[in-house]
Amino acid sequence: MEQPTAQPSRGLVLIVEDERAIADVQRLYLTRAGFGVHVETTGEGGLERIRSLRPVAVILDVGLPGIDGVEVCRRLRAQDDWTPIIFVTARDEEVDMLLGLELGGDDYMTKPFSPRELVTRLKTVLRRTAGVPRSGVLRVGSVALDPDNRSISVDGTAVELTAKEFDVLAYLMASPGRVFSREQLLSAVWGQASYTAGRTVDVHIAQLRSKLGEGSPIRTMRGVGYFVDGGRP
Ligand code: CA
């Protein structure tokens, strides 16, 4: 059993880097700092994973085979995707362009860099881009979820959840009506990119439904994923 006091993961970070040795060091330090990590070696692969895994941030090498880091960022921003991006570049003179309004990079590191510094920068970017903290109780149907004291009630009666069950429900309830795939939930709540661990999600959803009873707002979209019924976020 998971203990309710377990620390939630800091979320999944996507590294897009074609130099294996650099990616390995980045992965090591980010994992130690509590992040889940997925590595892609091409711009195309990176774009695909940003869309499918919805990482909390991207460490994006500028010099990539195929479409480069600049183009990856440009395409994302053109689709109004503002996933935080930290560029990794070999050339200082690109910096104004990378952080400019058009591209909207959030920070940059010049090679060679200290992996420790990368972790510090990442945490700063995540704090800065977290926006206004969501305050107040989330309600969907008869379920009320208080993010501040991590409590849940159904029709006013408190329900005990494990830490992960709470995190899954909070994530779904923050975007009522929006469908999340198992991969997205895994990456957001467990900080893992895994294509075989979908059952972990299913098991937690089943437990949540059983604990919430008839008031459970969690719905299944067959073959796609899970969502909670609409309502005011
Ligand atoms: Ca490179």
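If Lys and Arg each add +1 and Asp and Glu each add -1, what is the summed charge of the other residues whose beta carbon sits under 14 Å from the beta carbon of Thr124?
Details: positive: Arg10, Arg116, Arg121, Lys123, Arg127, Arg128; negative: Asp106, Asp107, Glu117.
With Lys, Arg at +1 and Asp, Glu at -1, the net is +3.
Sum -39500 (n - 2.57) across every DSSP H segment of at least 4 residues in the chain, then divide by the residue count to get the 222 nm mean residue ellipticity, nearest 500.
Details: 8 runs with 84 residues, N = 233.
Mean residue ellipticity, 222 nm, calculated: -11000 deg cm²/dmol.
Note the angle between two axes, namely the Cα long axis of helix 115-129 and the longest principal axis of the Cα atoms of the chain, as a number of degrees from 0 to 90, rounded to the nearest 10.
The helix 115-129 is inclined about 50 degrees to the chain.
Roughly what angle does helix 43-53 make with the longest principal axis of the chain, taking Cα atoms, 0 to 90 degrees, to the nearest 10?
The angle comes out near 10 degrees.
Angle check, please: helix 69-78 long axis (alpha carbons) against the longest principal axis of the chain (alpha carbons), in degrees 0 to 90, nearest 10.
Once rounded, the angle reads 40 degrees.
With a ≥ b ≥ c the root eigenvalues of the C-alpha gyration tensor of the range 12-129, is it rounded (a/c under 1.5), prolate (a/b larger than b/c) or oblate?
Numbers: a/c = 1.23, a/b = 1.17, b/c = 1.05.
Rounded shape, in that the Cα axes give a/c under 1.5.
Sorted by packing (mean other beta-carbon atoms within 10 Å per residue), highest first, where do 220-227, 117-124, 160-167, 56-63 land?
Details: 220-227: 13.4, 117-124: 16.5, 160-167: 18.6, 56-63: 24.4.
Descending mean neighbour count gives 56-63, 160-167, 117-124, 220-227.
Rule-based calculations on the coordinates, nothing more; no lab input. Please read all numbers here as calculations on a predicted model, not as lab measurements. Because the Cβ atoms are built from the backbone with ideal geometry, glycine has one as well, and the counts that use them run over all protein chains shown.
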